[in-house]
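Asker: Can you read through this structure? Questions will come right after.
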Amino acid sequence: MPGKNPKPPPEEYAVQTWRCLLEGVRRADPGVHALLLTTPGVFELIAWNYDYYGSYRDISIDMPSIEAALKQKEATPEDIHGARSWKLKIARFSYLLADFVPALINVVVDERIKATILETKRYFENRDGIAEIVRKPLAECIREACRQDLPILLIGHSLGSIIAYDTLWLLSHVDPAPCVVDQFLTIGSPLGTQYAQKRLLGHGAAGRTRYPTNIRRWCNVSAVGDLAAFDPRVRNDFHRMLKLGIIEDIRDYEKPVYNFFHIHGALNVHRSYGYLVNRAVGGVVAEWWRERVLR
């Protein structure tokens, strides 16, 4: 489930996204990587961005950066320094402050984040039914997997993780689907923020109806310096799901994750390509494959 902004045409974007995810798995577990190469039809891109933005991104803009990320083995000292810069630390603190005191948004949040908030408001307010439109492809995909009795690992990046969460809530309480998502993997997700949590479907409901009940396990991976995930943890916010017994585990990836995707020479730790080629994300996918598919 991709994040915000226009994406390349699905047939092009899916190929490059799958290449990156395969490389992340190879770095974590070459054995699972070899199995994925010989198992057709295991990956599906949920293409919602064109419906939301009405345009495509030219994939040639990203190709040099994708190829470089596929070749780079790990974050360099310069990448780590960039992700841990004081500028990003100060920005993260400002965003956390504004998250708890919304009146400060216009004071401490920069124009890019303000634009992102406006962008997500369109989804949360369901303007012209857009939220229902962008949730539909994922709901259909999950229902098809249910019909085929397939194990499901759902990856949601950025705004895509919010759309995925809401879709799972609907498939739990409004139009139930007869299966569960084995592993919900959120990357670069804003689900740890108060801003997002107060606008999710089910917010304000009591007990089990507040949360999706169709997730077996949830793992959240946030890269160091990723300001879209400025509150990088979700377990503390969704722990009630554990107490209610509707999920087996919620885990925030504990080791520091350093993404090393560069676009036009500048480090961008939020892009999904960078998450997918990372050993941390590949390891979560490989662990799930070994446990649920090879069991």
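Read-outs: derived from the displayed coordinates by stated rules, not from any lab. Small disclaimer: the values here were computed from a predicted structure and weren't measured. Neighbour counts run over all protein chains shown; Cβ positions are idealised from the backbone, glycine included.
Asker: Given a Förster radius of 41 Å and the C-beta distance between Ala68 and Thr39 as r, what FRET efficiency does 1/(1 + (r/R0)^6) yield to the nearest 0.05? Before the final figure, lay out each step's value.
Answerer: Values: r = 28 Å, r/R0 = 0.67.
Plugging the Cβ-Cβ distance into 1/(1 + (r/R0)^6) gives 0.90.
Asker: Out of Gln72, Gln16, Gln183, any idea which swings most in a Gaussian network model of the chain, alpha carbons joined below 10 Å?
Answerer: Largest GNM mean-square fluctuation: Gln72.
Asker: Treat every Asp and Glu Cβ in the chain as -1 and every Lys and Arg Cβ as +1, leave all other atoms uncharged, and give the resulting dipole magnitude about the Cα centre to the nearest 20 debye. Before the final figure, lay out the partial values.
Answerer: Values: 38 positive and 34 negative charges, 142 e Å.
So the magnitude is around 680 debye.
Asker: Sticking with this one: Given the options Gly245, His203, Gly225, identify the residue whose Cα lies farthest towards the positive end of the charge dipole of region 183-248 (+1 on Cβ of Lys, Arg; -1 on Cβ of Asp, Glu).
Answerer: My answer, from the dipole projection, is Gly245.
Asker: Still on this structure: How much mean residue ellipticity at 222 nm does the chain get from its helices, if each DSSP H run of length 4 or more adds -39500 (n - 2.57) and you divide by all residues, to the nearest 500 deg cm²/dmol?
Answerer: Result for the chain: -13500 deg cm²/dmol, rounded to the nearest 500.
Asker: Now for a separate question. With the chain treated as a Gaussian network of Cα nodes joined by springs under 10 Å, which of Arg216, Arg279, Arg127 yields the largest mean-square fluctuation?
Answerer: Among Arg216, Arg279, Arg127, the largest GNM mean-square fluctuation belongs to Arg127.
Asker: For the chain, with the dipole built from +1 on Lys and Arg beta-carbon atoms and -1 on Asp and Glu ones, taken about the Cα centre, which of Ala177, Pro151, Gln194 lies farthest toward the positive end?
Answerer: Highest projection toward the positive end goes to Gln194.
Asker: Are there cysteines in the chain with no second cysteine's Cβ under 4.7 Å away, and if so, which?
Answerer: Cysteines lacking a close Cβ partner in the chain: Cys20, Cys141, Cys219.
Asker: Distance cut-off 26 Å, Cα to Cα: go down the list Lys71/Lys255; Lys198/Lys255; Lys136/Lys255; Lys71/Lys121; Lys7/Lys87; Lys87/Lys198 and report the pairs above it. Please list the in-between numbers first.
Answerer: Numbers: Lys71/Lys255 23 Å; Lys198/Lys255 28 Å; Lys136/Lys255 34 Å; Lys71/Lys121 37 Å; Lys7/Lys87 28 Å; Lys87/Lys198 28 Å.
Result: Lys198/Lys255; Lys136/Lys255; Lys71/Lys121; Lys7/Lys87; Lys87/Lys198 exceed 26 Å.
Asker: Counting other beta carbons within 10 Å of each residue's own, what order do Asp128, Asp252, Asp29, Asp226 fall into, fewest first? Don't skip to the answer; put the middle values down first.
Answerer: Values: Asp128 9, Asp252 16, Asp29 20, Asp226 26.
The fewest-first ordering by Cβ neighbours comes to Asp128, Asp252, Asp29, Asp226.
Asker: I've got another one for you. Pick out which of Leu35, Leu138, Leu170 has the largest mean-square fluctuation in a Gaussian network model of the chain, springs linking Cα atoms closer than 10 Å.
Answerer: Judging by the Gaussian network model, the answer is Leu35.
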